[in-house]
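The values are calculated or read from the model by the stated rules, or taken from the named source; none is laboratory data. Because the structure is a prediction, the values reported are computed rather than measured. Methodologically, a virtual Cβ is constructed for each residue, glycine included, from the backbone with ideal geometry; neighbour enumeration extends over all protein chains shown. Side chains are part of the model used for accessible areas, which takes the heavy atoms of the whole protein and leaves out ligands, DNA and RNA. Shrake-Rupley method; radii C 1.70, N 1.55, O 1.52, S 1.80 Å.
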Amino acid sequence: MPLLTVFTPVFNLEKYIEEAIKSILSQTFTDFEYILIDDCSSDRSVEIIESFNDPRIRLIQNKINQGISFNRNLAIEEAKGKYIAMIDGDDLALPERLEKQLVFLEKNPDYGIIGTEVININKKGEQLGSIIKYTIPDDEIPSRMLFNNYIATSSTMIRLSELAEIRFKKEFVVAEDYEVWIQLIRNCKIGHIRLPLTKYRIHDDSISIQKQQLMLDTEVKIMKQQLEELNCKLGTQMGDTHLGRGSV
């Protein structure tokens, strides 16, 4: 049985999926299975995936388009590893990412999820701006998560046992990760490897660009739900102030 499962959701990513897969297959840590779930792509994504001759790759093809939450849940259910690492099909992992996260989780059993610092890149792979550094101490992250998502999904590695009773909600088209992180941090610690080990690609076809307003509205909804549990109320102006994109 592999120690780690890596998961990538795929939908019409022929421009980027080859590079993403190569970034995983070239990791310094090698004992993993790599699940890719294709959600009925109409381009060459599946053809590109099938061109790789690596026994660690396991391709699952949906018969109908199911959406990102369904696919993340399916990956959790199919995973054979002790941990599951997430990376989207247009993003990249630097070579030591999996090794460093795995070593950390093995040494720190009270942590259920660990991310990394992030390098934003454009569609050509060129760096955009400065490195996203997560400077808040780990024990303060749950408080910060009241006001915005403080971990990049494509940088995460999660202890699979912490997801035993937690699933991504299908009604969340975007920000489905944020809602799951909120559930996780009620039971375990969350943190970051303080190194830039993930490259997050920003391009016109990405969900975060196409559905910016829906993303913001969903994050506000999640934030309000958290505050309601604490018997707090949130004004519109305060919500707009604390949900700044890219804030760390």
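Regarding L105, is this residue at pLDDT 95 or above and either open to solvent by 20 Å² or more (accessible area, probe 1.4 Å) or farther than 30 Å from K22 by Cβ (or both)?
It is false that L105 is at pLDDT 95 or above and either open to solvent by 20 Å² or more (accessible area, probe 1.4 Å) or farther than 30 Å from K22 by Cβ (or both).
Regarding segment 180-193, can at least one residue be identified that is in a helix (DSSP H, G or I), aliphatic (A, V, I, L, M) and more than 22 Å from G81 (Cβ to Cβ)?
yes
Can E171 be described as over 21 Å from E19 (Cα atoms), open to solvent by 10 Å² or more (accessible area, probe 1.4 Å) and part of a loop (DSSP other than H, G, I, E, B)?
It is true that E171 is over 21 Å from E19 (Cα atoms), open to solvent by 10 Å² or more (accessible area, probe 1.4 Å) and part of a loop (DSSP other than H, G, I, E, B).
Would you pick out the residues in segment 66-79 that are open to solvent by 20 Å² or more (accessible area, probe 1.4 Å), out of contact with any helix residue (DSSP H, G or I) (no Cβ under 7 Å at 6 or more places or on another chain) and touching a residue at least 24 places away in the same chain (Cβ under 8 Å)?
Scanning segment 66-79 gives Q66, G67, F70, L74, E78.
Take L146 and decide whether it is more than 24 Å from K199 (Cβ to Cβ) and touching a strand residue (DSSP E or B) at 6+ places or on another chain (Cβ under 6 Å).
no
Considering only strands (runs of 3 or more DSSP E) fully contained in segment 1-96, which possess at least 3 residues that are farther than 21 Å from T156 by Cα and in contact with a Ser or Thr (Cβ under 8 Å, 6 or more places away or on another chain)?
Result: empty, no element qualifies.
Taking only pairs six or more apart or across chains, which ones have beta-carbon atoms under 6 Å, a first residue in segment 130-152 that is open to solvent by 40 Å² or more (accessible area, probe 1.4 Å), and a second residue that is assigned to a helix (DSSP H, G or I)?
Close Cβ pairs (under 6 Å, with a partner that is assigned to a helix (DSSP H, G or I)) amount to F147/H242.
Which is under 20 Å from I114 (Cβ atoms), surrounded by fewer than 17 Cβ atoms within 10 Å (Cβ to Cβ) and at pLDDT 95 or above, of K22, K63, K82?
K82
Would you please list the contacts, defined by Cβ atoms under 8 Å and residues six or more apart or on different chains, that run from a residue in segment 191-210 that is modelled with pLDDT under 95 to a residue that is in a helix (DSSP H, G or I)?
I202/S208; I202/I209; H203/I209; D204/Q210; I207/I68; I207/M215; S208/M215
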